[in-house]
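The values are calculated or read from the model by the stated rules, or taken from the named source; none is laboratory data. All figures in this text were calculated on a predicted structure; none of them were measured in a lab. Backbone-built Cβ (ideal geometry, glycine too); neighbour counts: all protein chains shown. For the accessible areas, the whole protein counts, side chains as well, though only heavy atoms, and no ligand, DNA or RNA atoms are used. Shrake-Rupley method; radii C 1.70, N 1.55, O 1.52, S 1.80 Å.
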Amino acid sequence: MKNKKLKIVKYPDDFLRRKTRKVRKEEIKNPKFKRLVLDMVKAMEEEKGVGLAAPQVGSDLRLCTVAVEGEVFVLINPEIKSYSRKKDIFEEGCLSFPNQFFQVERPIKVKVQTLNLEGEKQKIKADGFLARVLQHEIDHLDGILVIDRAMKGNEK
Ligand code: CO
């Protein structure tokens, strides 16, 4: 199979607002699915993003990839199970909003439940930057964009 370069869907494309559907367990073993995952990781790296969600490449699957501190995560059907009460504010970018940055307040810790590429349940306990990126990407899977979370008066 040949590598296909994925095109990033940019705001205000309606596709970014669509709710995704869960990946079926048997789909995970499908070569087409594996190819999509590889192409997403590649696109994320080429675009120098720290995360990429399937709707951003025109797929309606509940799938995202994250690359933080040299580690790549592939999250299939991720759900945030808990949030810390403590929040902080940090600047976020998004490949669907090129050259724009937004101040966003988010919980500093999250627990995420996801499936890995073997289709096994996995829990990720994250804090700091990883927690922020996970929240940003999982928002995409629910049709929520960084502009929805941006602090009023702080949009740049
Ligand atoms: Co984004």
Tilt, helix 31-46 to longest principal axis of the chain (alpha-carbon atoms), in degrees rounded to tens, equals 40 degrees
SASA check, MET151, accessible area w/ 1.4 Å probe, all protein chains in place, rounded to nearest 10 Å², comes out at 50 Å²
Probe 1.4 Å, heavy atoms of protein chains only: per residue, the accessible area of the chain in Å² is 58 Å²
Toy charge model, Lys and Arg Cβ at +1, Asp and Glu Cβ at -1: the chain dipole around Cα centroid in debye, rounded to 20, equals 500 debye
Rounded to the nearest 10 degrees, the helix 128-141 long axis (Cα) sits at an angle to the longest Cα principal axis of the chain of 60 degrees
Stretched fully, the stretch from PHE90 through LYS125 gains (0.36 nm per residue minus C-alpha distance, one decimal, in nm) 10.6 nm
In region 1-91, taking the dipole from +1 charges on Lys and Arg beta carbons and -1 charges on Asp and Glu beta carbons about the Cα centre, the listed residue (ALA67, LEU16, VAL41) farthest towards the positive end is LEU16
Quotient of Cα radius of gyration and Kirkwood radius for the chain, i.e. Rg/Rh, equals 0.94
The alpha-carbon center of region 1-75 and that of region 118-154 are separated, in whole Å, by 14 Å
